[in-house]
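Taken together, the values in this text are just the output of simple stated rules run on the coordinates, not laboratory data. Computed from a prediction, not measured in an experiment: that's the story for all the values here. Don't worry about glycine lacking a Cβ; one is built from the backbone with ideal geometry, like all the others, and counts go over all protein chains shown.
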Amino acid sequence: MSDDKKNYLSTRQFAARYGIGVAKVLKFIAEGSLPAVDVSSPGSSRARWRILPDHEAAWLESRTSSPNPGQTETSTRRRPPVPDYV
């Protein structure tokens with residue numbers, strides 16, 4: 001087994017690493033947001049997906065939030081004054 005194959009993640013390993021279900025990983029692959037390689041035999045009826053380290057890094061980058069560059073400080077909502085009914 002080459003070093004490249006050791007770095008591949010199965011859908012189960014990927015799901016365990018990120019605390020999500022295998023079905024969610026398969027959904028990400030199907031919608032194209034998570035690239036993966038099918039390592040099953042040609043003509044096989046079931047796909048055997050493997051996620052490459054580069055694809056994992058790109059997926060993480062696409063899911064990472066970043067602050068809005070136009071926003072300098074957090075806006076706070078001011079509450080209207082409460083009327084005094086005495």
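Residues of the range 44-70 with an amide N closer than 16 Å to a point placed 7 Å from the Cα of Glu31 along the Cα-to-Cβ direction: 59-65. Derived scalar couplings between HN and Hα for the range 42-47 equal x, x, 5, 7, 10, 6 Hz in order, rounded to whole Hz, by the Karplus curve 6.51 cos²θ - 1.76 cosθ + 1.60 (θ = phi - 60°), x for Gly and Pro. Taking amide H atoms as placed 1.01 Å from N in the peptide plane, the amide H of Arg48 lies under 5 Å from those of Val39, Ser40, each 5 or more residues away in sequence or on another chain.
Derived from the Cα gyration tensor, the three semi-axes of the equivalent ellipsoid of the chain are 46, 16, 11 Å, largest first. Using a Gaussian network model of the chain in which every pair of alpha carbons under 10 angstrom is joined by a spring, one finds that among Ser41, Ser62, Ser33 the greatest mean-square fluctuation is at Ser41. A simple rule links phi to the HN-Hα coupling: the Karplus curve 6.51 cos²θ - 1.76 cosθ + 1.60 with θ = phi - 60°, which for the range 17-31 gives 4, 9, x, 10, x, 4, 4, 5, 4, 4, 5, 4, 5, 5, 7 Hz, with x for Gly and Pro. Here the spin labels are modelled as points 7 Å beyond Cα on the Cα-Cβ line, and at Ser10 and Arg77 they lie 4.7 nm apart.
The helix-based estimate of mean residue ellipticity at 222 nm for the chain, built from -39,500 (n - 2.57) per DSSP H run of four or more residues and divided by its residue count, is -11000 deg cm²/dmol to the nearest 500.
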